[in-house]
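> Dropping a structure here in structure tokens format, bear with me for questions.
The values are calculated or read from the model by the stated rules, or taken from the named source; none is laboratory data. Bear in mind the structure is a predicted one, so any value in this text is a computation, not a measurement. Positions of Cβ are backbone-derived with ideal geometry, glycine not excepted, and every protein chain shown enters the neighbour counts. To get the accessible areas, we keep the full protein, side chains included, count just its heavy atoms, and leave off ligands, DNA and RNA. Shrake-Rupley method; radii C 1.70, N 1.55, O 1.52, S 1.80 Å.
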Amino acid sequence: MRIATLTVAAFACLAAAGGFAQTYPAKPIRLISPYPPGGGTDASARIIAQALGEQMGQQVIVDSRAGASGRIGVEIASKAPADGYNLVLGNVAPLAILPASGIKLAYDPVGGFIPVSLIATSDYILTVHPSLPVRSVKELIALAKSRPGMLTYASSGNLGGPHLGGELINLMARVKLLHVPYKGNGPAALAVLIGEATMMFGTGPSVVPHIEAGKMRALATTGKTRSMPGLPAMTELLPGYEVTQWYGILVPAGTPNHIVERLHKEIVAAVANPRVSQAFVKLGTKPVSSTSGEFSALIKAEIDRWTKVIKAADIKGE
């Protein structure tokens, strides 16, 4: 009798699990964006959230939790229930650069999450205030050598991609640009616009409108090859220079496999949607998708790469 009771209970559990798999999502999903509005991360979060919501029949709510180069939002995500209703839009800073810096983190970027898929990649754009008397990276480096420590560059925060972009110039060109961190690309762009900072490495959403309005001057992009008409890549002057941004969706470790698989399927379909891909292109990013394994391998490779750069530049974590 006891065996029969246990058998019935077991089948009931399996039926419940099957029903959960079929009904997911049964309520709104939260997508944590670890950066404030005005930058590429938050804009990417809103593009993918709208697309996933339309496809899955449930609202995907963007929850902005900005601060500490993405650390705060990613930490919140790591402690959220692993139930498929808590996602995070990760990027290079909190998932690779901060771990490479030796900073004590309250989350494990490798073991604490399941990477679901990349959604986009992009280069940064090196821009300067129009009052700065330079029109090329070569002229900027020459000016920086003549004014060591006097030219400032704004960033989205300590140990973010834009911060490392400037440190790489310091390291490779043997100059001294002074770093001034802000709480996101939007605030950093404002600092350049009002003259608080001389320059910045900006994402498309944070700087392209100001470049088009003549309020900023673009000098170069930071990827391996040219990615904007009329602009050289930094590596053309500084061979080997590369700082790229990538965006991807992750869930807390322990999230059921069938949910991860469903999310992956939906993300791949969303990125392939012409309307969604065009929105990413308009944002200045390249829409991409990946397997979970490919995304995981990228995170590990980026941690290794930035560990070497941070050590060589003697950058101290906070």
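> Take the conditions closer than 30 Å to residue 300 by Cβ, among the aliphatic types (A, V, I, L, M) and modelled with pLDDT under 95 and apply them to residue 119. Does it pass?
Against the criterion (closer than 30 Å to residue 300 by Cβ, among the aliphatic types (A, V, I, L, M) and modelled with pLDDT under 95), residue 119 does not qualify.
> State whether one or more residues within the range 94-101 are modelled with pLDDT of 95 or more and either assigned to a loop (DSSP other than H, G, I, E, B) or among the hydroxyl-bearing types (Ser, Thr, Tyr) (or both).
No, the range 94-101 contains no residue that is modelled with pLDDT of 95 or more and either assigned to a loop (DSSP other than H, G, I, E, B) or among the hydroxyl-bearing types (Ser, Thr, Tyr) (or both).
> Sticking with this structure for a sec: Would you check which residues across the range 79-91 are touching a strand residue (DSSP E or B) at 6+ places or on another chain (Cβ under 6 Å) and either modelled with pLDDT of 95 or more or of a type in the set (Val, Ile, Thr) (or both) and list them?
80, 82, 85, 86, 87, 88, 89, 90, listed by residue number.
> Testing residue 29 on (1) closer than 20 Å to residue 267 by Cβ; (2) modelled with pLDDT under 95, one condition comes back false. Which one is that?
(2)
> Now for a different question. May I ask you to verify whether residue 243 is of a type outside the set (S, T, N, Q), out of contact with any helix residue (DSSP H, G or I) (no Cβ under 6 Å at 6 or more places or on another chain) and closer than 23 Å to residue 34 by Cα?
Answer is no for this residue.
> Just to be sure I understand the filter: pairs with C-beta atoms under 6 Å, separated by 6 or more residues or on different chains, first member in the range 305-318 and modelled with pLDDT of 90 or more, second member of a type outside the set (D, E, K, R). Which pairs pass?
306/96; 306/97; 306/100; 307/100; 310/100; 310/101
> OK, next. Identify, from the list 256, 239, the residue that is open to solvent by 20 Å² or more (accessible area, probe 1.4 Å) and touching a Gly at 6+ places or on another chain (Cβ under 9 Å).
256
> Being aromatic (Phe, Trp, Tyr), in a loop (DSSP other than H, G, I, E, B) and within 27 Å of residue 316 (Cβ to Cβ), is that true of even one residue in the range 78-86?
Taking every residue of the range 78-86 in turn, none turns out to be aromatic (Phe, Trp, Tyr), in a loop (DSSP other than H, G, I, E, B) and within 27 Å of residue 316 (Cβ to Cβ).
> What are the residues in the range 72-84 that are open to solvent by 20 Å² or more (accessible area, probe 1.4 Å) and farther than 14 Å from residue 110 by Cα, if any?
72, 76, 79, 81, 82, 83
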